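The values are calculated or read from the model by the stated rules, or taken from the named source; none is laboratory data. Fair warning: this is a prediction, and the values are worked out from it, not measured in the lab. Using ideal geometry, Cβ is built from the backbone for each residue, glycine included, and neighbour counts are taken over all protein chains shown.
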Amino acid sequence: MARILLAVPPGAEPRLERELERHGHTRVGLSGRDPAGQILPSGCDVVVVSATPAYLGVHLLAASDAAGVRVVGLIGSDADRRHAAGVGLAELAAADDRWEVIEALIAGEDPVTEEAEQAPRAGRVIAVWGPAGSPGRTTLAIAIAAEIAAAGHTVAVADVDTYSGSVAPALALLDESPGFAAACRLAGAGALTRAELERIGSRYLSGHGSFWVLTGIGRPSRWPELSGERVAATLRACREWVDYTVVDTGFSLENDEEISSDLFAPRRNAATITALREADQVIAVGSADPVGLSRFLRAYVDLVELILTTPVTVMNRIRSGAVGPGPAAQVGQALRRFGGIDDPVLVPFDLPAFDGAVLSGRSLRDAAMRSPARQAIGRLVESRILPTSAARVTRRSLHGRRSLPHDSQDWGPGIGPHGGPDVVR
Ligand SMILES: Nc1ncnc2c1ncn2[C@@H]1O[C@H](COP(=O)(O)OP(=O)(O)O)[C@@H](O)[C@H]1O
Ligand SMILES: [Mg+2]
């Protein structure tokens with residue numbers, strides 16, 4: 001049995017001490033003292049340390065290495081996880097994990113790695129597309145990512161819109177150095193690793209579920225950096241990095257090969273077309289008004305020709321003001337009649353919620369949890385994107401973050417002011 005030195009805040013000591021003794025270990029050393037200086041005098045075999053800068057530093061790791069002592073870090077937040085990664089500590093458990101997880105790390109097993117080895121990671125790619133006219137691709141992509149993250153999965157939003165990348169401004173993130181273009185550059189050189197993705201990626205932090213963002217090109221003139229091959233290679237790397245990559249695409253599906261006779265000329269729509277072809281699932285968004293519907297139906301024909309899967313159609317901004325009374329039924333009928341689309345997901349027009357989100361640079365989930373649009377998108381994610389059991393079962397991500405099960409109580413029955421039917425089928 002091990003002699004364990006605890007280097008954790010005083011509030012966390014009693015539980016850990018109780019648990020370690022229950023498992024036959026002995027606590028050694030004194031609390032509140034410099035842990036690095038106690039490693040040798042205490043004769044410990046293991047240090048269990050809170051992964052905050054106050055407790056975990058390079059001195060502690062150097063002293064443990066010198067003494068041949070194993071170190072297990074306890075992470076309580078994303079900042080802790082980043083700090084641990086920064087100092088190079090990989091043996092990590094969540095601060096509120098069961099002792100058995102810490103026990104496995106003490107024993108030199110890595111339960112997470114074993115699990116990963118049994119089932120090699122193959123994250124899913126979800127592409128969000130919509131025709132010209134801002135139907136809400138970016139809005140939907142961010143809202144979907146936030147819902148998936150809240151269900152306990154690791155998520156990245158990738159902005160591949162070569163006309164008007166806008167994920168960064170929508171989340172109030174700096175977009176001086178476009179993350180997706182940087183990833184493409186490294187992918188082109190065969191050097192895009194998980195560590196590089198985490199260096200390049202921005203982090204949207206939220207108590208409901210944080211996610212990564214690979215920001216888009218701020219200047220549209222940079223589109224040649226997003227070539228088809230590079231986008232495909234970057235998405236492949238993303239699959240190994242996170243559980244879900246949500247791609248915000250451009251609108252145009254024109255295959256520039258047919259327009260330009262120069263075979264080697266770069267192609268502006270290659271990023272969108274590649275992302276759509278690579279995606280496991282495509283979410284096709286249209287705006288639920290006469291102009292938006294007709295644009296959607298015309299472009300939808302090209303979309304289904306391009307991709308191998310059946311897209312999930314989302315009609316956004318459902319409101320009676322634009323299509324008359326009973327907008328859900330009207331829109332459903334138009335889609336069935338003119339597009340052969342049977343089961344659209346309808347998201348209501350919800351200006352206060354989206355304005356609140358964009359004003360505060362937060363996801364819809366964080367800005368307006370109970371808004372009708374958020375509820376509709378939450379149900380879209382649960383019923384169409386996540387595997388049904390995984391949406392409810394608490395699971396652990398590779399980073400050890402504790403997942404939150406969906407709180408179904410927050411989901412009301414209707415779509416809001418127009419009192420339409422239950423809009424997500
Ligand atoms: N359901 C909705 N209700 C009200 N406003 C919406 C809705 N969906 C999107 N918006 C707003 O429409 C604008 C354009 O959306 P955006 O996602 O940027 O479009 P796209 O990416 O397709 O160009 C944004 O200001 C967004 O807040
Ligand atoms: Mg957009």
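When R317, R295 are checked against the criterion of being on the phi > 0 side of the Ramachandran plot and touching a strand residue (DSSP E or B) at 6+ places or on another chain (Cβ under 9 Å), R317 stands alone in meeting it. The helices (runs of 4 or more DSSP H) found wholly in the range 337-390 include none carrying at least 3 residues that are closer than 27 Å to L303 by Cα and more than 16 Å from ligand 1 (Cβ to nearest atom).
Residues in the range 150-164 that are of a type outside the set (S, T, Y) and either exposed (fewer than 15 other Cβ atoms within 10 Å of the Cβ) or within 16 Å of ligand 1 (Cβ to nearest atom) (or both): V157, A158, D159, V160, D161. If you check R317 against the conditions, is it assigned to a loop (DSSP other than H, G, I, E, B), at pLDDT 50 or above and among the basic types (K, R)? The answer is no for R317. Each residue in the range 133-184 was checked for being out of contact with any Lys or Arg (no Cβ under 6 Å at 6 or more places or on another chain), of a type in the set (V, I, T) and within 14 Å of ligand 2 (Cβ to nearest atom), and 7 of them qualify. Within the span defined as the range 214-223, one or more residues are surrounded by 19 or more Cβ atoms within 10 Å (Cβ to Cβ) and in a strand (DSSP E or B). Scanning the range 170-187 for residues that are at pLDDT 90 or above and over 17 Å from the mean Cα position of the chain (by Cα) gives A181, A182, C184, R185, L186, A187.
The number of residues in the range 234-256 that are in a helix (DSSP H, G or I), closer than 25 Å to D302 by Cβ, touching a residue at least 60 places away in the same chain (Cβ under 8 Å) and charged (D, E, K, R) comes to 0.
Restricting attention to the range 142-156, does a residue exist that is assigned to a loop (DSSP other than H, G, I, E, B), in contact with a helix residue (DSSP H, G or I) (Cβ under 6 Å, 6 or more places away or on another chain) and farther than 25 Å from S294 by Cα? For the range 142-156, residues assigned to a loop (DSSP other than H, G, I, E, B), in contact with a helix residue (DSSP H, G or I) (Cβ under 6 Å, 6 or more places away or on another chain) and farther than 25 Å from S294 by Cα: present.
Applying a threshold of 6 Å to beta carbon distances and a minimum spacing of six or more residues, or different chains, the list of pairs starting in the range 298-319 at a residue that is closer than 13 Å to V128 by Cα and ending at one that is within 16 Å of ligand 1 (Cβ to nearest atom) and of a type outside the set (A, V, I, L, M) reads T313/P344; M315/G286; M315/P344; N316/P135; N316/G136; N316/S287. Of everything in the range 165-207, what is in a loop (DSSP other than H, G, I, E, B), crowded, with 16+ Cβ neighbours inside 10 Å and either charged (D, E, K, R) or more than 16 Å from ligand 1 (Cβ to nearest atom) (or both)? Give them in sequence order. Listed by number, the residues that qualify are D175, P178, L192, G201, S206. Summed over the range 304-314, residues that are at pLDDT 95 or above and in contact with a Leu (Cβ under 7 Å, 6 or more places away or on another chain) total 3. Taking the conditions exactly as written (within 18 Å of A367 (Cα to Cα), more than 13 Å from ligand 1 (Cβ to nearest atom) and either within 14 Å of the chain's Cα centre (by Cα) or not aromatic (F, W, Y) (or both)), does A146 satisfy them or not? Yes, satisfied.
Looking across the range 181-236, the residues that are of a type in the set (G, A, S) and under 21 Å from R81 (Cα atoms) come down to A195, G201, S202, S206, G207, G209, S210. L92 satisfies every condition listed in (1) surrounded by 20 or more Cβ atoms within 10 Å (Cβ to Cβ); (2) within 17 Å of R33 (Cβ to Cβ); (3) of a type in the set (A, V, I, L, M) except (2).
May I ask you to say which residue of L398, L346, L359 is closer than 26 Å to W212 by Cα and modelled with pLDDT of 90 or more? Exactly one of L398, L346, L359 is closer than 26 Å to W212 by Cα and modelled with pLDDT of 90 or more, namely L359.
Every residue, every condition in (1) at pLDDT below 85; (2) within 32 Å of the chain's Cα centre (by Cα), yes or no:
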residue: I4; (1), (2): no, no
residue: R18; (1), (2): no, no
residue: R27; (1), (2): no, no
residue: G37; (1), (2): no, no
residue: S42; (1), (2): no, no
residue: V71; (1), (2): no, yes
residue: A93; (1), (2): no, yes
residue: D97; (1), (2): yes, yes
